[in-house]
Amino acid sequence: MGAEGFSILILGAGKATRFKSEYPKLLHPLAGRLMGEYVLRAATAAGAERLYMIIGHQAEAMRRAFAREGLEFIEQKEQLGTGHALIVARPELERCPTGVVVALVGDAPLLRPETLSALVATHCKERAACTILTMRPDNPTGYGRIVRVGGKRVRAIVEEKVASAAQKRISEVNTGILCFSRQHLLAHLGELSRENAQKEYLLTDLVEIFNRHRLKVAAYEAPGGEAWGINDRVQLAEVEKTLRLHKATTLMKDGVTIADPATTYIDEDVVIGPDTVIEPGVSLRGQTRIGSGCHVGPYSTITDSTLADGVTVRQSCVITKSEVGAGVAIGPFAHLRLGAVIEPEARIGNFVEIKKSTIGRGAKAQHLTYLGDATVGAHTNIGAGTITCNYDGEKKNPTTIEDEVFIGSGNMLVAPVHIGRGAYTAAGSTITKDVPPESLAIGRSHQVNKESWARERKKR
Ligand code: UD1
Ligand code: CA
């Protein structure tokens, strides 16, 4: 191989029949990424010189999901089998500058780049026409079996559907990842036919074809479990579990305490600092980043959000697309969403919802409150049961509360409204006009006590 390099062709045109889905397998989410993302990343990390992806079913959605520099899409309009995918790619394969091409099924997300490199290295060392990545799963059902001559040379791959009882007992199987000498592949691709039980062009038939031409077919066995193919949603859940445990293990080794990895769901791209504790039932999704020394309480879900160091999130909080500063405490049962920014040392208590608002340093909103489209200054206190009335039925209006303000309990702040620095509002106020700094606003009707009213009512 050396300077010559290799290219990778990802097969992703299939219809995911066994998923019983509208969407191709590669578009199904798996531990926070699309399934196709895993093989793409492995192929890139292995150092493939050219990267192609065969698409067909939902081709436009596939392009949108996976487009990136250096990836070329090849459309297989009719999906007539894994061998047909290569036949369709012939023009690109002819132009491809590398001597070695790897065909890679799109549904093997656990594959590591190191294994791809080792496969190519074996292929080059063996001077083979084709080298199959094989494995020995506990249960080989569903996979093509590797048939060897006298336990040595690979003679054929026999698909499950047509395998004899004896062949079904073979423990070595095809991972669907095959390395080819491009020249030999192009020379014999035309010999594939649909005259078989599946009525499909089977990529695996190339092994017999090469044998017929006395071309060498070698094999390289993948380390345990990493080349599993996902054919249905049961296998999807199994691989998801494997990926999640692997992610949790990596984090734990990096200094994160995860109380119960089996019930904790952390997406692949999530980053967590050391000495952070994650309680059971927590979901950390998407591009979430959590600092060090944080504590995330049970059953909280944090999505695409950033938490600085020393943040406490108590039980059952939902935090989405938000930013939380150092030393902040949130919850229990709080909801931050759509661009909530909580500055350091602030306190957000139970049953508080915050949307598209900035809460200043050291400010407090501790109980039963809705703050939407609001800016709250530093060290301001928002009394229990306060609501920013941000929606007038047509549009959202802003509320601005300056530093060191005291908003009494049960206030309705009718936006747009501005409350000046150091001002107070009386409990139960409906604030419809701006409040000047350092003043007291009372926006409620006077209380009337009708003495003896109840006693007289009883007499009536
Ligand atoms: C394939 C192999 C089998 C191997 C298994 C490993 C063949 C004939 N069989 O079977 O030996 O043990 O993988 O997981 O190759 N695809 C296309 N175009 C098509 C058909 C499929 O691009 O016309 C794509 C699919 O989107 C998928 C991949 O090829 O990503 C593999 O297809 P799949 O149907 O899953 O093959 P298996 O039956 O698993
Ligand atoms: Ca498969």
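Where a number appears in this text, it was derived from the coordinates with a stated rule and is not lab data. All figures in this text were calculated on a predicted structure; none of them were measured in a lab. Cβ atoms come from the backbone with ideal geometry, glycine included; neighbour counts cover every protein chain shown.
Test of understanding: among T263, T276, T249, T242, which residue is among the β-branched types (V, I, T) and exposed (fewer than 14 other Cβ atoms within 10 Å of the Cβ)? Write out each step before concluding.
Numbers: T263 fails: exposed (fewer than 14 other Cβ atoms within 10 Å of the Cβ); T276 fails: exposed (fewer than 14 other Cβ atoms within 10 Å of the Cβ); T242 fails: exposed (fewer than 14 other Cβ atoms within 10 Å of the Cβ).
Residue meeting the stated conditions: T249.
Residues of the stretch 1-16 being more than 14 Å from ligand 2 (Cβ to nearest atom) and either closer than 28 Å to L245 by Cβ or of a type in the set (S, T, N, Q) (or both), which ones? Spell out the reasoning first.
Just the residues of the stretch 1-16 that are more than 14 Å from ligand 2 (Cβ to nearest atom), to begin with: 1-9.
Selection gives S7, I8.
Considering only residues in the stretch 17-68 that are small (G, A, S) and at positive phi, the one that is farthest from ligand 2 (Cβ to nearest atom) turns out to be G47. So T141 passes all but one of these: (1) within 11 Å of ligand 1 (Cβ to nearest atom); (2) surrounded by 24 or more Cβ atoms within 10 Å (Cβ to Cβ); (3) among the polar types (S, T, N, Q). Which condition number does it fail? So T141 meets the others, but not (2). Could you grab the pairs with beta carbons closer than 9 Å, sequence gap of 6+ or different chains, first residue in the stretch 335-362 and over 18 Å from G310 (Cα atoms), second one aromatic (F, W, Y)? Matching pairs, first to second residue: H335/F351; N350/F333; F351/F333; V352/F333; V352/Y370; E353/Y370; I354/Y370; K355/Y370.
Among the residues that make up the stretch 212-223, is at least one of them of a type outside the set (K, R), within 16 Å of ligand 2 (Cβ to nearest atom) and within 30 Å of T98 (Cβ to Cβ)?
Within the stretch 212-223, the subset of a type outside the set (K, R) is 213, 215, 217-223.
After this cut, where a residue has to be within 16 Å of ligand 2 (Cβ to nearest atom) as well, the list is 222.
Now narrow it down to the ones that are within 30 Å of T98 (Cβ to Cβ): 222.
Looking for residues that are of a type outside the set (K, R), within 16 Å of ligand 2 (Cβ to nearest atom) and within 30 Å of T98 (Cβ to Cβ), one finds at least one in the stretch 212-223, hence yes.
Please go through the stretch 62-113 and give me each residue that is farther than 24 Å from H28 by Cβ, more than 16 Å from ligand 1 (Cβ to nearest atom), in contact (Cβ under 8 Å) with a residue 40 or more places away in the chain and not small (G, A, S), ordered by number. Scanning the stretch 62-113 gives E94, C96, P97, T98, V100. Which one is farthest from L110 (Cα to Cα) among residues in the stretch 157-189 that are of a type in the set (G, A, S) and without any contact (Cβ under 8 Å) to a residue 60 or more places away in the chain? Ranking the candidates gives A187 first.
Among the strands (runs of 3 or more DSSP E) lying completely within the stretch 298-340, list those that include at least 1 residues that are closer than 23 Å to T257 by Cβ.
Values: elements: 301-303, 318-320, 335-337.
Per the criteria, 301-303, 318-320.
Only residues that are over 30 Å from P261 (Cβ atoms), within 10 Å of ligand 1 (Cβ to nearest atom) and of a type in the set (D, E, K, R) were counted in the stretch 1-47, giving 1.
Report yes if T134 is touching a residue at least 40 places away in the same chain (Cβ under 8 Å), crowded, with 20+ Cβ neighbours inside 10 Å and within 16 Å of ligand 2 (Cβ to nearest atom), otherwise no. Here the answer is yes, as T134 does meet what is asked.
Conditions (1) more than 16 Å from ligand 2 (Cβ to nearest atom); (2) in contact with a Leu (Cβ under 9 Å, 6 or more places away or on another chain), marked per residue:
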| site | (1), (2) |
| --- | --- |
| R148 | yes, no |
| R153 | yes, no |
| I157 | no, yes |
| V173 | no, no |
| F180 | yes, yes |
| L189 | yes, yes |
| Q198 | no, no |
| L202 | no, yes |
| V207 | yes, yes |
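Considering only the stretch 221-246, state which residues are part of a helix (DSSP H, G or I), in contact (Cβ under 8 Å) with a residue 12 or more places away in the chain and either within 16 Å of ligand 1 (Cβ to nearest atom) or closer than 21 Å to L116 by Cα (or both). Within the stretch 221-246, R233, L236, V239, T242, L243 qualify. Do we have any residue at all in the stretch 69-83 that's surrounded by fewer than 22 Cβ atoms within 10 Å (Cβ to Cβ) and under 19 Å from V239 (Cα atoms)? No: the stretch 69-83 contains no residue that is surrounded by fewer than 22 Cβ atoms within 10 Å (Cβ to Cβ) and under 19 Å from V239 (Cα atoms).
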